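Asks: Next up is a structure, given as structure tokens.
The values are calculated or read from the model by the stated rules, or taken from the named source; none is laboratory data. None of the values given here were measured: they were computed from a predicted structure. Cβ sites come from the backbone with ideal geometry, for glycine too, and all protein chains shown count toward neighbours.
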Amino acid sequence: MFDKEKMDQVNEGLDKFNEKTKSMLEKRPERNSVFYSGSGDEIKGLYTPADVEEFDYSDIGFPGQFPYTRGVQPNMYRGRLWTMRMYAGFATAEESNKRYKYLVEQGSGGLSVAFDLPTQIGYDSDHELSEGEVGKVGVAIDSLADMEILFDGIPLDKVSTSMTINAPASVLLAMYIAVAEKQGVSSEKLRGTIQNDILKEYIARGTYIFPTEPSMRLITDIFEFCSKDVPQWNTISISGYHIREAGSTAAQEVGFTLADGIAYVEAAVKTGLDVDTFAPRLSFFFNAHNDLLEEVSKYRAARTLWAQIMKERFGAKNPKSMALKFHTQTGGSTLTAQQPENNIVRVAIQTLAAVLGGTQSLHTNSKDEALALPTEDSVRVALRTQQVVAYESGVTNTVDPLAGSYFIEAKTKEIMDKAMEYITKIDDLGGAPKAIDNGYIQQEIMDAAYYYQKEVETGERIVVGMNKFQIEEEAPKDLLRVDPSVGEMQKQNLVDLRAKRDNAVVDAKLAALRTACEGTTNVMPVILEAVKAYATLGEICGVMREVFGEYQQSVNL
Amino acid sequence: MDRPIRVLVAKPGLDGHDRGAKVVARALRDAGMEVIYTGLRQTPEQIVNAAIQEDVDCIAVSILSGAHSTLFPKISKLLAAQDASDILFVGGGVIPDDDIPFLKENGCSEIFTPGTPTTVTIDYIKANIKR
């Protein structure tokens, strides 16, 4: 980018500058002897062309073009803003349905469904392990009947819906298709995303059911089914979010997430799918933490690397297979229970990071999430934070405005290099599933998490309001509480459902499901049939548990 | 004290958020305690049985899903039923302040909420184990 003569001048100038500042620094030392990024990487006081000497504009290219460093659309937010997608769901389908309608009224552009833990782990509300968990962290869905209530009055051909569901993703997607059908909306018209990323469940999030192999088969069955029947659906959201929440660094978030992505592509290609038939529907999900510039660099690094991987490693031809689209959520683990109002400011910084990094959709956390599920008021402030950035900050007026900054380009390259080191290491271990089974990825994340905790406790890392600038506080008021009778209501509904439906049909559909699971044909059509007969989630996952077995976690500290 | 303090760090319920549990487990270990970590999805029965079998001085459970008011009292009851109430029982996680009195009335000695330094937990366990 710079010719030799210019570079010599820069280097000469830099030497003089360093010489000059040296004596100043001797008299007035800096606040710290070394400065670190949010992820603990050393940051220099000044970046110059010397830090991006190798940088060539063709390395990053133009937005909407390979390698998509600057964004996946040519005009980014000048065309369309990101989708403001607030993750919500609690208690019963009725309650959650009300919250969705409220969010849509308030300008939220897409729905994002949170399911309770029994649903995420494939248990009905009346299972013994569901006790105390029903409706707590999301909505309880036991059967198609609940799903019909959840989307009542919401036109599924108009909204796009993201569902945070992994191990039983096939079942919830089938329920969504069945609800749409009842609304008269064909599956070709449905838009949305299922998370469907089992590898990061093993790594960081914990809502796995089946062992790796059948889980990967379910995922590739979904890829294949959707490529024909639900062509506008994002079939997976390969998630770094939870990896980061578990304590990883920014570079680990990119490295481990893309390694998971590679594993899914390899699995699908191995079943005979052509890469360009399913890869355009792959999507990603990243975190946004407080170190604004590091985060922006992270998103740019992830896009660039994925484009290279898809093109070079998998021979993708369709540009859409190479463009990394992603959802962002602000970092839950950065929120403090102390002085929760401060969290609004953190979320605003994180929102800027996601937007300057070119996100396609965003969930902003509410200030009270270190304490409980958010109230409607605090959710509104979180949504308004996005709207202020979108309509008032001006950062949406031009594409990738931080490009060309010596620091941003150097940092983007650094994160790419570090992430690639992790990917190479995971390749050497035999791929992401193996690197998870032997605990390598979990161990790396745990080490980073523990290091972070130590820094906070020694005060080397300052968290405002928590380990510095504390005040005496009263216990927070007005926290959202989930009605404890939800569990009983769901149980009663199940009793009614089992009495009302045609149980002979349910048994036949479950038997067909068992046969499909034992064989190699695509399980999606039979799951869809079972769902339509009002077989419950627990019954369907129960059959799959019997055929596939359950995952055993590798526990290490 | 002849032998190091033994602690069972446990994740009850279906909650998969184990960063806190693992960080605390490691901190306790670094403080010289012997730590057994159960992994995810443990029932109260499994936790109490493991505690007795491992002859621990303390059970430290972590939960972020909101199921604490159901699961913590169950653990206390099972400990009492097994004549093992001498085992110190502490909890942590996303637990609203308003719920803490109820949990303490029901056998949990102390609750550590988000932002608690691990040193506070370590000191509490050292000061309160019953032996």
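Asks: Name the one entry in B:73, B:96 that is within 11 Å of another protein chain (Cβ to nearest Cβ), in contact with a Cys (Cβ under 9 Å, 6 or more places away or on another chain) and of a type outside the set (Asp, Glu).
Replies: B:73
Asks: Return the residues of segment A:367-396 that are under 17 Å from residue A:289 (Cβ atoms), at pLDDT 95 or above and not in a helix (DSSP H, G or I); say none if nothing qualifies.
Replies: Correct list: A:367 only.
Asks: So which helices (runs of 4 or more DSSP H) stay within segment A:117-183 end to end and still have 2 or more residues that are of a type in the set (A, V, I, L, M) and either without any contact (Cβ under 8 Å) to a residue 60 or more places away in the chain or crowded, with 24+ Cβ neighbours inside 10 Å (or both)?
Replies: Result: A:144-150, A:169-183.
Asks: Is it the case that residue B:59 is β-branched (Val, Ile, Thr) and not in a helix (DSSP H, G or I)?
Replies: yes
Asks: Say whether the condition of being among the charged types (D, E, K, R) and assigned to a loop (DSSP other than H, G, I, E, B) is met by at least one residue in segment A:221-237.
Replies: The answer is no; no qualifying residue exists.
Asks: Of all residues being in contact with a helix residue (DSSP H, G or I) (Cβ under 9 Å, 6 or more places away or on another chain) and part of a helix (DSSP H, G or I) in segment B:106-131, which is farthest from residue A:465 (Cα to Cα)? Just the residue, please.
Replies: Across segment B:106-131, the extreme among qualifying residues is B:125.
Quick grid of which residues meet (1) within 14 Å of chain B (Cβ to nearest Cβ); (2) of a type in the set (Asp, Glu); (3) over 22 Å from residue B:39 (Cβ atoms):
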site	(1), (2), (3)
A:130	yes, no, no
A:140	yes, no, yes
A:187	no, no, yes
A:198	yes, no, no
A:202	yes, no, no
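Asks: For residue B:51, are the conditions met, namely being at the interface with another protein chain (Cβ under 8 Å from one of its Cβ atoms) and either among the β-branched types (Val, Ile, Thr) or crowded, with 22+ Cβ neighbours inside 10 Å (or both)? Before the answer, list the steps.
Replies: Working: at the interface with another protein chain (Cβ under 8 Å from one of its Cβ atoms): no; either among the β-branched types (Val, Ile, Thr) or crowded, with 22+ Cβ neighbours inside 10 Å (or both): yes.
Answer is no for this residue.
Asks: So in segment B:34-48, with the set limited to residues that are closer than 18 Å to residue B:80 by Cα and either in contact with a Ser or Thr (Cβ under 8 Å, 6 or more places away or on another chain) or of a type in the set (Phe, Trp, Tyr) (or both), which one is nearest to the other protein chains (Cβ to nearest Cβ)?
Replies: Filtering segment B:34-48 for residues that are closer than 18 Å to residue B:80 by Cα and either in contact with a Ser or Thr (Cβ under 8 Å, 6 or more places away or on another chain) or of a type in the set (Phe, Trp, Tyr) (or both), the one nearest to the other protein chains (Cβ to nearest Cβ) comes out as B:46.
Asks: When the residues of segment A:71-108 are narrowed to those that are part of a loop (DSSP other than H, G, I, E, B) and surrounded by fewer than 18 Cβ atoms within 10 Å (Cβ to Cβ), which ends up modelled with the lowest pLDDT?
Replies: A:107
Asks: So which residues in segment A:157-185 are within 14 Å of chain B (Cβ to nearest Cβ) and touching an Asp or Glu at 6+ places or on another chain (Cβ under 8 Å), if there are any at all?
Replies: Within segment A:157-185, the subset within 14 Å of chain B (Cβ to nearest Cβ) is A:164-168.
Hits for segment A:157-185 are A:166, A:167.
Asks: For segment A:397-486, which helices (runs of 4 or more DSSP H) that fit wholly inside it have 1 or more residues that are assigned by TED's automatic domain parsing to the domain that holds residue A:258, under 30 Å from residue A:74 (Cα atoms) and among the aromatic types (Phe, Trp, Tyr)? Steps first, please.
Replies: Numbers: elements: A:406-428, A:432-437, A:440-458.
Fully inside segment A:397-486 and qualifying: A:406-428.
Asks: Mind telling me which of the residues A:467, A:493 ends up being within 13 Å of another protein chain (Cβ to nearest Cβ) and either surrounded by 19 or more Cβ atoms within 10 Å (Cβ to Cβ) or touching a residue at least 60 places away in the same chain (Cβ under 8 Å) (or both)? Give the steps one after another, and end with the answer.
Replies: On the way: A:493 fails: within 13 Å of another protein chain (Cβ to nearest Cβ).
Answer to the selection: A:467.
Asks: Only one of (1) closer than 16 Å to residue B:24 by Cα; (2) at pLDDT 95 or above; (3) at the interface with another protein chain (Cβ under 10 Å from one of its Cβ atoms) fails for residue B:91. Which number is that?
Replies: Only one criterion in (1) closer than 16 Å to residue B:24 by Cα; (2) at pLDDT 95 or above; (3) at the interface with another protein chain (Cβ under 10 Å from one of its Cβ atoms) is unmet by residue B:91, namely (3).
Asks: Are there any pairs, at least 6 apart or on different chains, whose C-beta atoms fall under 7 Å, with the first in segment A:38-57 and under 15 Å from residue A:15 (Cα atoms) and the second in a loop (DSSP other than H, G, I, E, B), and if so, which?
Replies: A:49/A:2
Asks: Scan segment A:135-172 for residues that are among the hydrophobic types (A, V, I, L, M, F, W, C) and out of contact with any strand residue (DSSP E or B) (no Cβ under 9 Å at 6 or more places or on another chain) and report the count.
Replies: Number of matching residues: 6.
Asks: Let me ask something additional. So which pairs qualify, if the first residue must be in segment A:239-267 and closer than 22 Å to residue A:314 by Cα and acidic (Asp, Glu), the second must be at pLDDT below 95 and surrounded by fewer than 24 Cβ atoms within 10 Å (Cβ to Cβ), the Cβ gap must be under 9 Å, and the two must be at least 6 apart or on different chains?
Replies: none
Asks: Just for helices (runs of 4 or more DSSP H) wholly inside segment A:281-366: which have at least 2 residues that are of a type in the set (A, V, I, L, M) and either surrounded by fewer than 23 Cβ atoms within 10 Å (Cβ to Cβ) or on the phi < 0 side of the Ramachandran plot (or both)?
Replies: Output list reads A:292-308, A:342-356.
Asks: Now a separate question. Within segment B:25-33, can one find any residue that is at pLDDT 95 or above, within 10 Å of another protein chain (Cβ to nearest Cβ), out of contact with any strand residue (DSSP E or B) (no Cβ under 7 Å at 6 or more places or on another chain) and buried (at least 20 other Cβ atoms within 10 Å of the Cβ)?
Replies: Within segment B:25-33, one or more residues are at pLDDT 95 or above, within 10 Å of another protein chain (Cβ to nearest Cβ), out of contact with any strand residue (DSSP E or B) (no Cβ under 7 Å at 6 or more places or on another chain) and buried (at least 20 other Cβ atoms within 10 Å of the Cβ).
Asks: Of all residues in segment B:8-24 being within 11 Å of the chain's Cα centre (by Cα) and within 12 Å of chain A (Cβ to nearest Cβ), which is nearest to residue A:457 (Cα to Cα)?
Replies: B:24
Asks: Sticking with this structure for a sec: Please indicate, with yes or no, whether at least one residue in segment A:437-449 is closer than 30 Å to residue B:98 by Cα and surrounded by 17 or more Cβ atoms within 10 Å (Cβ to Cβ).
Replies: We begin by selecting, within segment A:437-449, every residue closer than 30 Å to residue B:98 by Cα; these are A:449.
Now narrow it down to the ones that are surrounded by 17 or more Cβ atoms within 10 Å (Cβ to Cβ): A:449.
The answer is yes; a qualifying residue exists.
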